[in-house]
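> Here you go, one structure.
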Amino acid sequence: MSKLSYFKLYEDVKAPEFATSGSACFDIYSYLGNKEEYVHGNPKPKVVVYTMGNKKEEREVKIWADDRTSGNFYMGVELFPAERMLVPTGLIFDIPEGYSVRIHPRSSISLKQGLMLGNAEGVIDSDYYHQTFVMLFNSSADTIRIRHDERIAQGELIKTLDYFIEETTIQPEQNTSRVGGFGSTGVS
């Protein structure tokens, strides 16, 4: 059995975990800072956002009253329509050589909130040793709040095939019953 190790940059980072015994991927959570430090006047954490006009900006994490439970508060960042955000996880993965970690969207936040991965699928190579970020894209017409400690993506350890790339001087030819190029199998 393969092993994927992780390092927490902060003590209160939520660990990645499998939701059920049948889960193919593990859940990855957002880490937007320590709530106690935020409340006690320390500098406010910030995240990197790219606006609809592709302008890079830093956006401050805020605290709101929680409408789901009375008396509680939560930290979060607003993501406006057509914006992309690099959501920190507080985790560094120690990926074994010969493997990569693939980051996939969570179907529930894609369907219910319109949040998608900005790069369709994230790939973390085995030689990457920095904090993992998840690039979320707001495809909805609504402003979405990304909450601290929220499940934002799922990850999967994948074995990397050992292969090389070479140029050929022989143009590939049809070798199946397929006729036509791009989009040809979708036409009735």
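Read the figures in this text as sums done on the coordinates, not as results from a lab. Just so it is clear, the structure is predicted and the values come from calculations on it, not from any experiment. Note that we place each Cβ from the backbone using ideal geometry, even for glycine, and neighbour counts take in every protein chain shown.
> Quick query: amide H of R106 versus all other amide H atoms, modeled in the peptide plane; which residues come in under 5 Å with a sequence gap of 5 or more or a different chain?
Under 5 Å from the amide H of R106 lie the amide H atoms of Q154, each far enough along the sequence or on another chain.
> Kirkwood hydrodynamic radius of segment 46-135 from all distinct Cα pairs, in Å?
Working: mean 1/r = 0.0662 Å⁻¹.
Mean inverse Cα-Cα distance, inverted, gives 15.1 Å.
> Exposed loop sites here are trypsin sites (Lys or Arg not before Pro) in DSSP loop states with at most 16 other C-beta atoms within 10 Å. What is the longest stretch of the chain lacking them?
On the way: sites that count: K3, K55, R68, R178.
Longest gap between qualifying sites, sites excluded: 69-177.
> Suppose each label sits 7 Å from its Cα in the direction of the beta carbon; what would the S2-F73 distance come out to in nanometres?
The modelled label-to-label distance comes out at 4.3 nm.
> Hey, what does the equivalent ellipsoid look like for segment 1-109, semi-axes from the Cα gyration tensor as sqrt of 5 times each eigenvalue, largest first, whole Å?
Equivalent-ellipsoid dimensions as semi-axes: 27, 19, 16 Å.
> Hey, what D do you get for segment 118-167 in µm²/s if you plug the Kirkwood alpha-carbon radius into Stokes-Einstein at 25 °C and 0.890 mPa s? Working shown, then result.
On the way: Rh = 14.4 Å.
The estimated diffusion coefficient comes to 170 µm²/s.
> Then there is this: List, in the order given, every pair from K62/K112; K3/K56; K14/K62; K8/K56; K14/K112; K55/K159 whose Cα-Cα distance in the structure shown is over 31 Å.
Values: K62/K112 22 Å; K3/K56 36 Å; K14/K62 19 Å; K8/K56 27 Å; K14/K112 23 Å; K55/K159 36 Å.
Distance filter (> 31 Å) returns K3/K56; K55/K159.
> Then there's this: Once the piece of chain linking Q131 and E60 is laid out straight, how much longer is it, given 0.36 nm per residue of separation minus the C-alpha distance between them?
Details: separation 71, 0.36 × 71 = 25.56 nm, distance 1.89 nm.
Extra length available between Q131 and E60 comes to 23.7 nm.
> Please list the non-local residues whose amide H lies under 5 Å from the amide H of Y6, H modeled 1.01 Å from N, same-chain partners needing a gap of 5 or more.
Residues meeting the amide H criterion: D94.
> When only C-alpha pairs under 8 Å and at least 6 residues apart count, what is the relative contact order of the chain, in percent? Don't jump to the answer; show the numbers that get you there.
Numbers: 353 pairs, mean separation 47.8, N = 188.
Dividing the mean separation by the residue count of the chain yields 25 percent.
> If you don't mind, another one. Compute log10 of I(q)/I(0) for segment 78-188 with the Debye formula, placing one identical point scatterer on every Cα and leaving out solvent, at q = 0.23 Å⁻¹, to two decimals.
The calculated log intensity ratios at q = 0.23 Å⁻¹ are -1.17.
> On to the next question. Could you give me D for the chain, from Stokes-Einstein at 10 °C and 1.306 mPa s, where the hydrodynamic radius is the Kirkwood radius over C-alpha pairs? Units µm² s⁻¹, please.
Working: Rh = 19.0 Å.
Rounded to a whole number, D works out at 83 µm²/s.
> Right, another one. Can you give the longest run of the chain that contains no GluC sites (Glu not before Pro) sitting in a DSSP loop with at most 12 other Cβ atoms inside 10 Å? Provide the component values of the computation, followed by the final result.
Values: sites that count: E11, E97, E121, E166, E167, E173.
Here the longest run is 12-96.
> Suppose a student asked you for the relative contact order of segment 108-172, using Cα pairs under 8 Å spaced at least 6 residues apart; what percent would you report? Can you show the working numbers first?
Working: 30 pairs, mean separation 19.8, N = 65.
Value for segment 108-172: 31 percent.
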